[in-house]
Amino acid sequence: MKRVLKISMIFTQFVFLISFLKSADFSALTIRGYNGFAGQEPCIQLLLVYDGKRLGFDKTSGLKHEISKEGYIYTKSKFTEIPLGTYEYEDAYGGSPCYEIDIAKPPQGLYTLHIIGIDNGIYCVNMIAFDKDANDVQMYFSGIISKGEEHHAEIIYFPYDTSRMKKIVNIELLKNQLKNAFKYKFMKNKKIKSSLLKKLNKVDKLAKLNQKENIKKELQEFISILEQEKSNLIAQELEKGQNYSRSSQQDKIILPIDILITDANNFLASF
Amino acid sequence: MKKISIFLFPFFALFLYAGNNSRTCFELLLIDTEGKMVGYDRTSGKIVEEIPESWYGDIFIPNLEGEDIFSRKSLEVIKPSKGKYVLYVVGVDTGPFAVRMETRDKDGNYKIFFTSGAISPGEIKKIFIDYTPEVGGITHIFEDDTPPVTDIEVGGPKFEVFGVNYISKSTKICFNSTDPIVVEGASGVKYTEYRIDNSSWVVYTVALLDCSVTSNSVTLTWTAVGDDGNIGQAIRYDIRYSTQSILTDEDFDKATQVEVDLQPKPSGEKETFTVGGLQQGTEYYFAIKVIDDANNISELSNCVFARTLLDVPYFCQADPQWRGIPHLRPRDVQTENTIGKVGCALTSMAMIINYYADYHPDENMRNKIVKRNPLELNDLLVENKWYAKNNDIDFRYIVKVSSGSIMMTKEEEPPTDNTVNGYLKNKMPIILKVYNEKTSNSHFVVVTGSCVPLGYTINDPGYKDNKNLGKYGNKYQDLRRFKPSDGNDNYSALSIRGYPGRKK
């Protein structure tokens with residue numbers, strides 16, 4: 001009986017293996033970097049690293065376009081070390097121009113995404129991952145970046161499961177984004193600037209003392225200030241006859257205050 | 001745009017994937033009627049490009065492994081003037097050569113012409129080109145300037161007087177001309193001239209074919225020949241086609257005969273005949289023989305190659321039915337980004353989907369594909385959120401739209417004409433990303449056919465009447481490859497490589 005069961009299990013595994021081998025492989029990973037303001041040129045470049053292999057922007061030599069004798073335009077000064085991976089500037093998809101990383105049949109595992117600021121601004125990173133059976137997942141995050149600054153994200157790609165992307169948020173990132181938001185006038189209410197910065201500095205100190213509960217408290221207060229500011233902004237827009245949520249959805253303007261709230265919440269969740 | 005493109009590559013170009021031993025053993029030099037040159041000037045040892053909008057140089061093509069390279073010479077003249085040109089093939093090493101010529105007229109009609117031979121260092125071959133833009137390009141090509149071997153058969157009685165052979169004035173003389181440099185894959189142009197005593201020179205040539213294509217027909221054009229050399233009028237034509245090259249009488253006999261309802265015109269006039277009922281995206285070879293009133297059959301013409309276009313349904317993004325509809329947004333959203341304005345990728349995707357709804361090689365998978373125009377496709381993508389965050393198309397969603405029947409694919413090789421033609425040869429239309437310098441915008445178009453190397457026939461979602469890449473400088477920036485999926489992923493990357501127009 002045991003032997004029958006064993007044979008049956010082997011047969012089942014064999015059938016599974018055969019069906020797996022015969023099935024088409026639709027797995028793919030696409031990551032696009034946009035400007036947070038619709039229609040504007042991207043303020044970031046992307047570099048994806050997997051197992052030491054690089055795909056994307058080579059920040060040491062910059063990005064150059066060269067035209068071959070046959071008329072093809074090649075993007076030079078970029079890494080293409082991940083097999084079946086490309087990195088290109090794309091501006092004809094019908095939305096906003098972007099830099100696009102695209103990998104067919106990406107290997108399973110952890111990828112590190114470097115978001116490199118080439119201009120001061122708000123960016124958006126969009127990931128679309130297909131598994132082998134063509135099930136898709138989309139994830140995105142935004143950030144406020146300055147030229148030369150670098151943000152990071154982690155992507156876990158699964159060919160047989162749902163892939164994930166997560167922006168890496170730490171206190172330095174929160175502080176830089178907050179400073180950038182005011183420096184580049186994405187946020188204008190200077191009354192809250194100092195109190196927000198104070199909160200983050202305090203979090204920084206508490207982190208060194210490993211006082212998690214106090215960190216959470218400070219972060220919650222930081223988020224509350226931002227939430228209150230957001231409510232005020234919505235009220236102001238309503239007074240002007242504008243619809244905050246509707247306009248942001250249509251024009252794809254990512255409000256910096258939303259970025260700060262989202263990132264602070266993610267950071268809070270890590271404690 | 002009028003254009004002559006002349007491509008020279010080792011005869012062993014058919015062995016493109018065989019390794020790294022191929023090499024060029026020749027250089028090219030083209031001289032126009034004013035004496036301006038483009039190509040390799042062996043007197044100075046330098047490349048000259050005196051003819052306006054001309055270019056000469058090497059093109060490198062990766063081999064199958066993507067490691068070694070195979071090189072060919074490329075010579076291009078954009079907007080060539082009408083007139084006669086002389087092409088010199090200058091030997092720098094011993095070996096075979098092949099010249100593939102493509103011409104296009106201002107309407108984008110193109111013609112392909114092949115010739116080949118052997119060459120040794122210092123040897124020069126001359127090819128005479130008579131370019132006439134109004135009829136699509138080359139009208140006559142005369143190979144070399146040494147007379148072909150000409151056999152003369154005297155049909156009537158001869159008589160001898162004091163050791164000299166005489167024939168009577170009414171004796172029939174038959175000329176049978178063969179060009180010694182014509183080899184397999186060459187043009188087959190046969191040319192000689194003769195005269196009797198002091199009468200006029202008579203040029204004798206067999207019919208020379210050219211062609212243009214649609215998705216189900218090929219239109220052949222040639223110059224009518226007479227029943228006696230170039231004198232008089234033939235009685236009928238025997239036109240045949242095959243999916244194999246027609247280079248010998250045996251090939252011709254095996255080829256499919258076309259019912260020709262065409263009364264031959266007087267010698268020297270243009271003949272045109274359309275062969276219909278052909279399959280889309282299929283490679284065909286055509287040849288012709290001419291029959292005179294005495295039922296004499298001419299020699300075989302040159303063999304012309306044509307690949308019918310892929311039958312990709314056309315959609316225009318500016319169609320009134322959808323041009324004002326928001327692109328990848330709900331219909332009630334107010335936006336400037338409408339299908340008419342930014343929907344080239346969407347419209348190109350719709351064309352690919354509708355093509356495979358008719359021509360997916362697997363019937364079961366074909367039946368899964370629902371035909372959708374750009375508006376219906378837009379609605380489907382919006383409803384399912386099958387687009388990137390910034391209202392961008394992601395071509396990979398074609399797999400969702402087609403219920404797994406079509407997939408976007410990728411290969412390591414860089415985008416080259418070989419890639420494009422490999423796909424077309426396998427009846428798989430692809431999308432090219434092009435750049436319009438006038439508008440400074442990138443744009444997507446669907447390729448439906450090609451000839452070497454840039455004579456692509458396209459479905460341009462932005463411009464209904466634009467059928468080639470001339471508007472985009474005959475260049476493309478990138479491509480998006482698609483393939484039919486049968487669930488087994490049998491359409492491997494390696495199976496779709498090929499060289500455009502190669503002889504089988």
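Each reported figure results from applying straightforward, stated rules to the coordinates on display, with no laboratory input. Computed from a predicted structure; not experimentally measured. Positions of Cβ are generated from backbone atoms using ideal geometry, with glycine treated the same way; all protein chains shown enter the neighbour counts.
Between segment B:371-434 and segment A:92-137, the C-alpha centres lie 17 angstrom from each other. Sorting B:His327, B:His360, A:His152, B:His443 from the fewest to the most surrounding beta carbons within 10 angstrom yields A:His152, B:His360, B:His443, B:His327. For segment B:339-496, the gyration tensor built on C-alpha atoms gives an oblate shape. Its axis ratio a/c (a ≥ b ≥ c) is at least 1.5, and a/b is not larger than b/c.
With a Förster radius of 35 Å applied to the beta-carbon distance between B:Asn295 and B:Ile124, the computed FRET efficiency rounds to 0.25. Taking a ≥ b ≥ c as the square roots of the Cα gyration tensor eigenvalues, segment A:123-207 comes out prolate, since a/c reaches at least 1.5 and a/b is larger than b/c. The modelled label-to-label distance between B:Glu269 and A:Asp258, using points 7 Å beyond Cα along the C-beta direction, is 7.3 nm.
Between A:Asp204 and A:Leu110, the FRET efficiency from the beta-carbon distance, with R0 = 35 Å, is close to 0.80.
Solvent-free Debye calculation, one equal scatterer per alpha-carbon of segment A:28-167: log10 I(q)/I(0) at 0.13, 0.18, 0.19 Å⁻¹ equals -0.53, -1.02, -1.12. In this structure the amide hydrogen of A:Gly39, modeled in the peptide plane, comes within under 5 Å of the amide hydrogens of A:Ser96, none closer than 5 places in sequence on its chain.
In this structure, B:Thr33 and B:Asp261 have a Cβ-Cβ separation that, at R0 = 25 Å, corresponds to a calculated FRET efficiency of about 0.05.
Fewest-first ordering of A:Lys240, B:Lys289 by other beta carbons within 10 Å of each residue's beta carbon gives A:Lys240, B:Lys289.
One decimal place: the segment B:Asp58-B:Thr243 gains 63.5 nm when fully extended, by the rule 0.36 nm per residue minus the C-alpha distance. Counting neighbouring Cβ atoms within 10 Å and putting the fewest first, the residues B:Glu27, A:Glu150 line up as A:Glu150, B:Glu27.
The string of couplings for segment A:113-123 from the Karplus curve (6.51, -1.76, 1.60, θ = phi - 60°) is 9, 9, 10, 10, x, 10, 7, 7, x, 9, 10 Hz, one whole number per residue in order, with x for Gly and Pro. Each residue of segment A:171-269 gets 93 Å³ once the volume of the Cα convex hull is shared out per residue.
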